[in-house]
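The values are calculated or read from the model by the stated rules, or taken from the named source; none is laboratory data. Everything numeric in this text was worked out from a predicted model, so none of it was measured. Neighbour counts run over all protein chains shown; Cβ positions are idealised from the backbone, glycine included.
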């Protein structure tokens with residue numbers, strides 16, 4: 001799995017080396033979750049569910065939520 | 001070294017997402033906002049209660065819109081960069097630029113277009129407030145389902161390629177994706193909450209502009225990130241020989 005060498009396809013000029021899963025996993029876990037939290041705040045906070053009470057977040061991103069295709073209200 | 005490569009690609013992905021977000025923001029403001037304002041005009045003409053404004057329309061349509069679109073761009077840019085790290089060299093004989101564009105095209109379809117065809121974007125005044133929970137659940141469910149199925153179809157295609165060759169493996173994998181998505185479309189509940197007299201042309205214009213926002217976002221991301229990734233991975237004339245090391249150019 002952890003190959004850093006281009007796959008031996010001799011006929012093609014450039015096949016990029018694959019990045020090992022072990023190198024990707026920590027970034028994927030931490031930043032993947034962080035990015036999903038950001039998406040949640042843009043897309044759903046104070047709509048279907050709320051972490052913070054009130055409607056400030058919802059009202060602030062109101063237009064973006066509509067135009068990005070999220071159900072808004 | 002590889003961990004540093006992933007980190008650099010992630011940073012570039014978020015920057016490319018920010019750049020693509022700026023382009024998408026222009027489209028959202030120029031094409032989308034007029035429809036949003038018309039829809040709000042319809043809402044105000046047809047409802048008797050007047051809601052108190054928490055955030056002014058001016059702020060919502062400028063700073064608020066920018067916040068939402070840019071955060072969305074950065075977040076999906078980061079996720080797409082991580083997916084790119086996985087896809088690079090694993091989906092076929094594609095270099096960084098082609099992989100990035102292929103990935104962002106697939107993401108446009110899986111993340112947006114497929115859920116959109118079942119649960120399209122709605123302007124203000126379309127949608128009953130008391131069904132927001134159900135609609136949000138269905139929308140995110142459709143999005144997650146579509147993304148997972150796209151990943152599964154890619155894996156299926158890779159396996160089949162050994163026996164069927166790339167062409168037919170791709171055809172079969174795409175067909176499998178279409179069939180399963182078709183079944184989901186068929187069995188998931190229909191949402192139709194368009195008010196009776198809501199102008200059809202306005203709804204159409206709003207939805208087209210929402211689609212344009214995403215097309216520009218993902219198209220821009222694919223091109224921008226592809227270029228950044230290409231420069232990071234092949235700084236000199238492109239060579240991927242054994243012992244290919246990636247300089248930490250950041």
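Scan region B:120-138 and give yes if some residue there is in a loop (DSSP other than H, G, I, E, B), surrounded by fewer than 20 Cβ atoms within 10 Å (Cβ to Cβ) and modelled with pLDDT of 95 or more, otherwise no. Yes, region B:120-138 contains at least one residue that is in a loop (DSSP other than H, G, I, E, B), surrounded by fewer than 20 Cβ atoms within 10 Å (Cβ to Cβ) and modelled with pLDDT of 95 or more. Once region B:65-100 is narrowed to residues that are at the interface with another protein chain (Cβ under 7 Å from one of its Cβ atoms) and in a loop (DSSP other than H, G, I, E, B), the residue that is modelled with the lowest pLDDT is B:93. Only one of the numbered conditions (1) in contact (Cβ under 8 Å) with a residue 60 or more places away in the chain; (2) under 30 Å from residue B:202 (Cβ atoms); (3) not assigned by TED's automatic domain parsing to the domain that holds residue B:72 is not met by residue B:116, and that is (3). How about region B:147-174: which of its residues are loosely packed, with under 13 Cβ neighbours inside 10 Å and over 21 Å from the mean Cα position of the chain (by Cα)? Matches in region B:147-174: B:159, B:162, B:163, B:165, B:167.
Answer yes or no as to whether residue B:103 is within 10 Å of another protein chain (Cβ to nearest Cβ), in contact with a helix residue (DSSP H, G or I) (Cβ under 7 Å, 6 or more places away or on another chain) and surrounded by 19 or more Cβ atoms within 10 Å (Cβ to Cβ). Taking the combined requirement at face value, the residue does not satisfy it.
Outside the structural domain of residue B:153 (by TED's automatic domain parsing), touching a residue at least 12 places away in the same chain (Cβ under 8 Å) and under 17 Å from the mean Cα position of the chain (by Cα): is that true of residue B:228 in this structure? No; evaluated as a whole, the condition is false for this residue.
Tally up the residues in region A:44-68 that are part of a helix (DSSP H, G or I), in contact with a helix residue (DSSP H, G or I) (Cβ under 9 Å, 6 or more places away or on another chain) and facing chain B (nearest Cβ under 8 Å), please.
Selection size over region A:44-68: 8.
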